[in-house]
Amino acid sequence: MSRVSLSKSSLAKQNRALQTYERYLPSLDLKRKQIMTERAKEVVAQEETRRKIAALRTRVTENLPMLANREIELADLVHVRGARLGEENLLGTRLPVLEGLDLVKRDYGLLSKPHWVDVLVDALSEMLTLQAQLALHDRRLVLLDDAVRKVTQRVNLFDKVLIPRTRENIKRIRIHLSDAERAAIVRSKIAKGKRLREASA
């Protein structure tokens, strides 16, 4: 910690710094709360996606019991060619957004496969989309957690370090200036008394 000059100009500088810190702290704290709110929304969205995945699995299990038949070739009916990602700026935090998923459905003979394969292909497409959304929720939560941590560190820096330190500096400078002013008055009175005594002598 650098030593603070015990002067009036230093006092003015410390007062300006304190005003800046106290003005900036509430907006920083508000940013932290907003990011935490967005994080909570993301957790809800993640849970909703997980619920949809579980519901889809249940639906496929109930409606397509014929999947147990291993004689029908069902591998690679649908796969992901690529994902189109965008970006959202949330209070200075860049978050990925899924704009689209490029799914490739393998050609299969409509007469060589059972009719329920069409339903399975739709279910697989839906599952791949949901899994991509779930992975995106995970990534967004990591980024939001990181943003909350950084903003919380800044809030703590202002609230627990900079503001108390600046207030302490202001207090020290005021005490020093007050003591110096008192000492000057005492010296002045002593000098005046000495002059009066010399004049009367």
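Read-outs throughout are calculated quantities, based only on the coordinates presented, and are distinct from any laboratory measurement. The structure displayed is predicted, hence computed values, not measured ones. Virtual Cβ from ideal backbone geometry, glycine too; neighbours counted across all protein chains shown.
Suppose R0 equals 25 Å; then what is the FRET efficiency for residue 27 and residue 87 from their Cβ-Cβ distance, rounded to the nearest 0.05?
0.60
Anyone know which of 144, 134, 85 comes out most mobile in the 10 Å Cα GNM of the chain?
For the chain, modelled as a Gaussian network with Cα springs under 10 Å, the answer is 85.
Residue 98 to residue 44: extension gain in nm, 0.36 nm per residue of separation minus the Cα-Cα distance?
17.7 nm
Can you give the calculated 222 nm mean residue ellipticity of the chain, where each DSSP H run of n ≥ 4 adds -39,500 (n - 2.57) and the sum is split over every residue, rounded to the nearest 500 deg cm²/dmol?
On the way: 3 runs with 134 residues, N = 201.
Mean residue ellipticity, 222 nm, calculated: -25000 deg cm²/dmol.
Can you order the peptides 181-187, 5-11 by their average number of other Cβ atoms within 10 Å per residue, highest first?
5-11, 181-187
Could you work out how much longer the chain between residue 188 and residue 62 gets when fully extended? Use 0.36 nm per residue separation minus the Cα distance between them, nm to one decimal.
On the way: separation 126, 0.36 × 126 = 45.36 nm, distance 9.95 nm.
Here the segment from residue 188 to residue 62 would lengthen by 35.4 nm.
Placing +1 on the Cβ of each Lys and Arg and -1 on the Cβ of each Asp and Glu in the chain, which of 125, 180, 89 has its Cα farthest towards the positive end of the resulting dipole?
Value: 180.
In Å³ and rounded to a whole number, note down the convex hull volume per residue for the Cα atoms of the chain.
136 Å³
Quick one: if you stick a label point 7 Å off each Cα along the C-beta vector at residue 54 and residue 131, how many nm between them?
For the pair residue 54/residue 131, the computed spacing is 1.9 nm.
What is the distance in Å between the Cα centres of the range 112-156 and the range 77-106?
One Cα centre to the other: 9 Å.
Normalised by the residues of the chain, what does the relative contact order come to in percent, with Cα pairs under 8 Å and at least six apart?
On the way: 147 pairs, mean separation 72.3, N = 201.
This gives 36 percent for the chain.
Could you give the length gained on full extension between residue 37 and residue 149, defined as 0.36 nm per residue of separation minus the Cα-Cα distance, in nm?
Details: separation 112, 0.36 × 112 = 40.32 nm, distance 1.39 nm.
Gain on stretching residue 37 to residue 149: 38.9 nm.
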